[in-house]
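Below is one structure, written out as structure tokens, with a few remarks after it.
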Amino acid sequence: MRDVNMTIHADTVNAVDTSARLNYLIPAKRQRYPKSFLKLILFGYSLVGIPLIASLIYIASTVDRLAEHGRETIYQATEITHGNRALADEVLAMERSVRQALILNDFSLLEGYIHSHDKFGKTAENFTRLLPHTELSIYTEHKLLLEKLRLFEMTIYREILKNRDSPENLKIQAESFEKLFDEVRNFASLGNALIGYYVNEMHETANQLRSNVEMQLLGVIPFVVALAIIFSILITRPIKQIDEAIYNLGHGKLLEPINVNGPQNLKQLGKRLDWLRRHLLKLEKQKNQFLRHVSHELKTPLTAIREGADLLAEGVTGNLSKKQQLIVDILHSSSLQLQKRIEDLLSYSAIQDAKTVLIKHPVSLSEIIDQTLQNQNLSILSKKLRILRNRADVICECDAEKIQTVIDNLLSNAIKFSPPCSIIEIKISHDRKDVMLDVIDAGVGVHHLDKDKIFEPFYQGRYKPDAHVKGTGLGLSIAQEFVRAHGGCIQLMDYANHGAHFRLVLPLRNE
């Protein structure tokens with residue numbers, strides 16, 4: 001039988017290894033990832049950064065164009081203002097020169113007039129070059145008025161030169177400067193209107209550029225955010241897969257293959273983790289096989305020891321003295337303890353190898369407790385313990401043998417940790433869905449650092465019971481597995497007094 005089990009187990013291990021090797025060798029669906037995690041990060045940063053950099057360049061060029069346009073507008077406004085003032089000054093200078101010549105009757109003073117005339121012409125010429133060549137009405141009107149002003153001034157100039165020797169005619173021409181000055185003021189007013197047009201144009205250009213920048217930002221920001229989200233998922237997905245794989249390895253979930261999608265170096269890391277999973281799975285199976293074989297090997301000499309102790313106790317070899325009888329009783333008790341430890345190892349091995357098979361039928365929970373107390377009667381009497389029970393009874397649909405094992409483990413722990421002459425409480429209660437069984441002892445309780453570990457296999461708590469035979473640390477682990485197979489749980493309850501309070505929760509009905 002042992003050879004058959006070993007053959008089956010070996011076939012299972014080989015099948016698992018073959019499947020794992022096939023999963024390892026068969027290429028997964030190819031995804032376009034960079035070869036390294038660093039390249040993926042740099043590629044993501046580049047794609048996210050390029051739109052932002054392009055937007056910054058566009059905004060910078062837009063601001064530069066707006067600043068250049070502003071400088072041109074300010075320059076034109078300054079030149080127009082300066083030109084208007086220069087034209088008015090030259091008209092006043094020309095009129096002053098002509099009137100001085102008339103008053104002093106010194107026509108040589110007309111040289112100052114001629115000089116002012118030349119400066120007037122140059123200023124008008126500068127205005128002509130300043131105005132852009134466009135068909136806008138305000139520019140056209142400004143050019144026409146400037147040309148009219150130049151022609152009017154040129155007419156006055158020609159008349160003055162023609163009548164420079166005739167004071168009467170020169171006096172008449174001097175009166176024309178007042179009309180020319182009015183024309184200059186009209187030209188200055190139109191220049192101010194042109195400056196206002198420049199300012200409005202610059203304001204409209206600024207508004208248009210601002211709208212363009214806002215529209216670009218409204219388009220770029222969602223695009224960049226979407227890219228950032230996509231690359232965050234691409235970057236964090238393999239990290240999460242690796243984290244989940246390590247978590248599963250730490251919690252003994254070794255059956256599910258480990259697949260990591262992402263850059264080549266992370267995929268290689270996933271393959272290493274899957275190799276570690278397969279190696280741990282193989283070691284786990286070897287451990288269970290070892291426990292099963294050792295347990296079976298121990299049963300044969302244990303049976304001989306028990307039979308020999310029973311024969312001695314029955315007096316087959318003759319009557320025993322009190323000391324001999326005490327030794328036989330110790331042998332008998334120790335063999336029972338050893339048998340229980342072996343059964344725990346076999347149960348744990350069976351749980352690890354396959355899913356627990358339940359044979360459910362309606363049973364009385366109170367009857368299971370009675371049977372368990374009867375099995376533990378010697379231990380209860382030896383420590384002079386008192387059992388307090390409520391007489392409530394519940395019919396529960398469960399596997400009676402496995403639930404008795406669970407209650408036996410809970411009660412055994414309570415007996416081992418209870419001081420002599422103390423009390424153990426056993427309470428049965430239920431609601432619409434579940435039945436609860438509470439086992440409360442008066443021992444040292446569970447250390448606060450052990451609360452999260454007491455259901456782990458082979459774990460021994462910090463508080464040790466006063467017993468000759470140490471436990472294996474499998475009782476609560478096996479009990480937890482049996483209860484989970486029923487859809488229930490075992491809870492370590494907070495207890496105000498000294499001692500431990502365990503609660504067994506089982507569903508009332510089979511679902």
query: Taking segment 86-130 on its own, how many of its residues are in contact (Cβ under 8 Å) with a residue 40 or more places away in the chain and either among the small types (Gly, Ala, Ser) or more than 18 Å from residue 173 (Cα to Cα) (or both)?
result: 7
query: In segment 379-393, is there at least one residue being closer than 24 Å to residue 494 by Cβ, of a type in the set (Gly, Ala, Ser) and modelled with pLDDT under 90?
result: yes
- prompt: Which of the residues belonging to segment 249-265 are under 17 Å from residue 279 (Cα atoms) and either touching a residue at least 12 places away in the same chain (Cβ under 8 Å) or part of a loop (DSSP other than H, G, I, E, B) (or both)?
  reply: 249, 251, 252, 253, 254, 255, 256, 257, 258, 259
task: Go through 234, 280, 276, 269 for me and flag whichever is part of a helix (DSSP H, G or I), modelled with pLDDT under 80, more than 30 Å from residue 72 (Cα to Cα) and out of contact with any helix residue (DSSP H, G or I) (no Cβ under 6 Å at 6 or more places or on another chain).
output: 234
message: Exactly one condition in (1) in contact with a strand residue (DSSP E or B) (Cβ under 8 Å, 6 or more places away or on another chain); (2) open to solvent by 10 Å² or more (accessible area, probe 1.4 Å) is false for residue 437; which is it?
response: (2)
task: Give segment 234-248 a look and list any residue that's open to solvent by 50 Å² or more (accessible area, probe 1.4 Å), more than 22 Å from residue 39 (Cβ to Cβ) and touching a residue at least 12 places away in the same chain (Cβ under 8 Å), or say none.
output: 246
field: Condition check for residue 154: at pLDDT 85 or above, over 60 Å from the mean Cα position of the chain (by Cα) and surrounded by 13 or more Cβ atoms within 10 Å (Cβ to Cβ)
entry: yes
query: Which of the residues spanning segment 250-276 are farther than 21 Å from residue 42 by Cβ and surrounded by 16 or more Cβ atoms within 10 Å (Cβ to Cβ)?
result: 254, 258, 270, 273, 274
statement: From the option list 511, 481, single residue qualifying as farther than 20 Å from residue 392 by Cβ, modelled with pLDDT under 85 and part of a helix (DSSP H, G or I) is 481
task: Just need a number here: residues in segment 193-228 that are open to solvent by 90 Å² or more (accessible area, probe 1.4 Å) and either in contact (Cβ under 8 Å) with a residue 40 or more places away in the chain or within 19 Å of residue 130 (Cα to Cα) (or both).
output: 2
field: Selection status of residue 375, open to solvent by 40 Å² or more (accessible area, probe 1.4 Å), among the polar types (S, T, N, Q) and modelled with pLDDT under 90
entry: yes
message: Looking at segment 288-302 only, could you name the residues that are modelled with pLDDT under 75 and open to solvent by less than 70 Å² (accessible area, probe 1.4 Å)?
response: 288, 289, 291, 292, 293, 294, 295, 302
message: So, in segment 484-508, how many residues would count as being surrounded by 16 or more Cβ atoms within 10 Å (Cβ to Cβ), closer than 18 Å to residue 450 by Cα and either in contact with a Lys or Arg (Cβ under 8 Å, 6 or more places away or on another chain) or at pLDDT 85 or above (or both)?
response: 6
- request: State which residue is surrounded by the fewest Cβ atoms within 10 Å (Cβ to Cβ) when the search covers only segment 310-328 and only residues that are within 20 Å of residue 379 (Cβ to Cβ) and modelled with pLDDT of 75 or more.
  value: 326
statement: Residue count, segment 125-142, condition under 17 Å from residue 88 (Cα atoms) and either modelled with pLDDT of 80 or more or open to solvent by 70 Å² or more (accessible area, probe 1.4 Å) (or both), comes to 2
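What residue, of 367, 307, 397, is among the charged types (D, E, K, R), at negative phi and modelled with pLDDT under 85? Quick ask: steps written out before the conclusion?
Numbers: 367 fails: modelled with pLDDT under 85; 397 fails: modelled with pLDDT under 85.
Sole residue among the options that is among the charged types (D, E, K, R), at negative phi and modelled with pLDDT under 85: 307.
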query: Does residue 169 count as under 30 Å from residue 47 (Cα atoms), part of a helix (DSSP H, G or I) and open to solvent by less than 70 Å² (accessible area, probe 1.4 Å)?
result: no
message: With the structure loaded, tell me whether residue 368 is in contact (Cβ under 8 Å) with a residue 24 or more places away in the chain and assigned to a helix (DSSP H, G or I) or whether it fails that test.
response: yes
task: Could you list all residues from segment 74-95 that are surrounded by fewer than 20 Cβ atoms within 10 Å (Cβ to Cβ) and within 15 Å of residue 157 (Cβ to Cβ)?
output: 93
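The values are calculated or read from the model by the stated rules, or taken from the named source; none is laboratory data. This structure is a prediction, so every number in the text was calculated from the model and none was measured. FYI the Cβ positions are ideal-geometry reconstructions off the backbone, even for glycines, and counts take in every protein chain you see. Only protein heavy atoms, including side chains, enter the accessible area calculation; ligands, DNA and RNA are left aside. Shrake-Rupley method; radii C 1.70, N 1.55, O 1.52, S 1.80 Å.
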